[in-house]
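The values are calculated or read from the model by the stated rules, or taken from the named source; none is laboratory data. All of these numbers come straight from a predicted model, not from anything done at the bench. Reconstructed Cβ throughout: ideal geometry from the backbone, glycine too, with neighbour counts over all protein chains shown. When the accessible area is computed, the model is the full protein with side chains, heavy atoms only, and any ligands, DNA or RNA have been set aside. Shrake-Rupley method; radii C 1.70, N 1.55, O 1.52, S 1.80 Å.
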Amino acid sequence: MLKKGLKNLDKTLLWITRFAYLNALFLLYSLLGLFIAGVAPATVAALQVSRKLLNGEEVKLHPAFRRAYKEEFWAANKLGWLLAAAGFILYINFLLIGQADGQLFFLVPFLFYVLILFYVTVVIWSFPLLAQYKAGTFQIVKNAFIIGLTRFHMTLSIGVLLFAVLYHSIGLPVLLLFFCFSFSAFGWMWLSLKVFNTMKQQKQLAS
């Protein structure tokens, strides 16, 4: 019983160390890219490392993270900059709608918030797709949109997870420093893999 308890403690400490290390790598490599060019590839790298850990692979975190960061640097930034530009345009439109002060036809704000929902859906699925598959930017965005809507319950689950982790991390800065991004990436990829594996099985059955 004591040996089993110590073994479980060792596993717990190992995972805590992994999360803290992965979080530090995310922050470091985001900073190396001056955030503007670092956050997107660091996100994809964190998701790729999380995928390997979830699949039970033996992973040396820093080499695996650095390799993924370098390999996906341009693809991740193209995706990130495209989504950032779209988000900025949506933000400008949000300000314009707010300034209209109820003068717009009610359908316009409604359609705008539907567009926001589509945008968030694409953001949620684009990065796990890039971490999992090799595809062009617009193919990634297209697939993210389709998967996000057809598996909307999983989209909602990922959204709630990411929001909850960020919300609690803001209240506890120590979480932001040591666990926020790594835990988010791990949970994000865990839920995404459930969808990817199901799609793979369905494709095999269909063929």
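With a 1.4 Å probe and all protein chains left in place, how much of the accessible area of the stretch 68-160 comes from carbon and sulfur atoms, in whole percent? Looking at the stretch 68-160 in its full context, I get 75 percent from C and S.
Across GLU72, GLU57, the residue with the most accessible area heads the list, and the full order at a 1.4 Å probe is GLU57, GLU72. Each of GLY87, ALA45, LEU34 was scored by the projection of its Cα onto the charge dipole of the stretch 1-100, and the greatest displacement toward the positive side belongs to ALA45; charges sit on the C-beta of Lys, Arg, Asp and Glu. Comparing LEU79, LEU162, LEU111 in a Gaussian network model of the chain, where Cα atoms under 10 Å apart are tied by springs, the biggest mean-square fluctuation is seen for LEU111. Under a Gaussian network description of the chain, with springs only between Cα atoms under 10 Å, the residue in VAL123, VAL49, VAL114 that fluctuates furthest is VAL114. Note on the stretch 1-149: dipole from Cβ charges, positive end direction compared against GLN132, GLY148, LEU107; the farthest Cα belongs to GLN132. Dipole magnitude for the chain: about 880 debye, using +1 per Lys or Arg Cβ and -1 per Asp or Glu Cβ, origin at the Cα centre. Residues considered: GLY171, GLY38, GLY148. Largest GNM mean-square fluctuation over the chain, using C-alpha springs under 10 Å, is found at GLY171. Here the contact order of the stretch 146-207, divided by its residue count and restricted to Cα pairs under 8 Å and six or more residues apart, works out to 34 percent. Note that the chain presents 62 Å² accessible area per residue, ligands and nucleic acids not counted, probe 1.4 Å. Would you mind checking the tilt of helix 152-171 against the longest principal axis of the Cα atoms of the chain, expressed as 0 to 90 degrees and rounded to 10? The helix 152-171 is inclined about 70 degrees to the chain.
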